[in-house]
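The block underneath contains the structure these notes are about, expressed in structure tokens.
The values are calculated or read from the model by the stated rules, or taken from the named source; none is laboratory data. Just so it is clear, the model here is predicted, and its values are computed rather than measured. FYI the Cβ positions are ideal-geometry reconstructions off the backbone, even for glycines, and counts take in every protein chain you see. Ligands, DNA and RNA are excluded from the accessible area calculation, which covers all protein heavy atoms including side chains. Shrake-Rupley method; radii C 1.70, N 1.55, O 1.52, S 1.80 Å.
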Amino acid sequence: MGSKKVSLPAKLINGGVAGLVGVSCVFPIDLAKTRLQNQQGQGVYTGMRDCLVKTLRSEGFFGMYRGAAVNLTLVTPEKAIKLAANDLFRQLLSQDGKELTLVREMLAGCGAGTCQVVVTTPMEMLKIQLQDAGRLAVHQQKVLGSDGPMGPFSQPPQDRPYSTGPASSVRRPSATLIARDLLKTQGLVGLYKGLGVTLLRDVPFSIIYFPLFANINKLGQSHSEEKAPFFHSFVSGCAAGSVAAVAVTPLDVLKTRIQTLKKGLGEDTYNGLIDCARKIWTHEGPAAFMKGAGCRALVIAPLFGIAQGVYFIGIGEYILGYFQ
């Protein structure tokens, strides 16, 4: 990354722009990942392609972007915090311009992953509910038969105002409605359900991703004072992202299951991380912990490839320089 110091505002702009570009490109695959990970037993979808095709047919093109609004809104601060925090920690841990040791690179990644969950947890909570609504509706119809009620949530209304009333009058869940209900019934804690498992996923991801990216990206630098070429940074981000994504997929499955508020008819509910892991292992087998691994790699690889490429272009520095 070179020794040139970049201001914190520039880092935040770079991270924000990178996140917006990346998410816009890969969101449908992320939706497929969420739906595949939430399936229990004989599911609605047989794989990523089947999920995308059925979603497109039943919900239209924009159905594949359900939950994208909240993700695009919150991914800007999330990616800005993650990428900027990693750079900041790397600078703090550097000694007289010397290259960081692997342990210090991992510590910097750990700090970045810890910082980002402040935004990541509420974002994932809201996004998952919106992404999974279509699967629940199809699951309910499949279980109850074609004459059964059809709605975005398959369980009878209990304490969720966005799922009350007959199916014909059910309001389609929105991020605002879900967030307002959670704040009303559970307070701020409701938006941070799954915080522990989010930390368990994102901290190891960052510990793996950032040192791996830095070392692969370094191969494209002719000397330490210059940036690697855009394409090399992109490929480095893709490679490091794929490895880190697959490595933490079991934790991502647990996080998705725990943060899903509504379950389909006959699907397990969970009382914490250990209970969730035990039920998945008992009822679905160890292979279930890798559900959506391919989708997750296909999401994270281009997401971080694009993010790192855009980040290293230095859009933030250009924008700040224009206004100076």
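Annotation: per residue accessible area for the chain equals 45 Å², rounded to a whole number [probe 1.4 Å, protein chains only].
For the chain, modelled as a GNM whose springs connect Cα atoms under 10 angstrom apart, the maximal fluctuation among C295, C25, C110 occurs at C25. The tail of the calculated P(r) for region 1-101 beyond 19 Å holds 57 percent of all Cα-Cα pairs.
GNM on the chain, alpha-carbon springs under 10 angstrom: the most fluctuating residue among R35, R201, R49 is R49. Between V53, V75, V203, the GNM of the chain built on Cα springs shorter than 10 angstrom shows V53 fluctuating the most.
Debye-formula intensities of region 190-318, expressed as log10 I(q)/I(0) at q = 0.11, 0.19 Å⁻¹, are -0.49, -1.01 (one equal scatterer per alpha-carbon, no solvent). If you look at the Cα atoms of the chain, you get an Rg and a Dmax of 20.6, 71 Å. The separation of region 286-324 from region 191-226, counted between C-alpha centres, amounts to 11 Å. A simple packing score, the average count of other Cβ atoms within 10 Å per residue, orders the peptides 100-109, 209-218, 271-280 as 209-218, 100-109, 271-280, with the highest score first. Semi-axes of the equivalent ellipsoid of region 182-256 are 35, 13, 9 Å, computed as sqrt(5λ) over the eigenvalues of the C-alpha gyration tensor in descending order.
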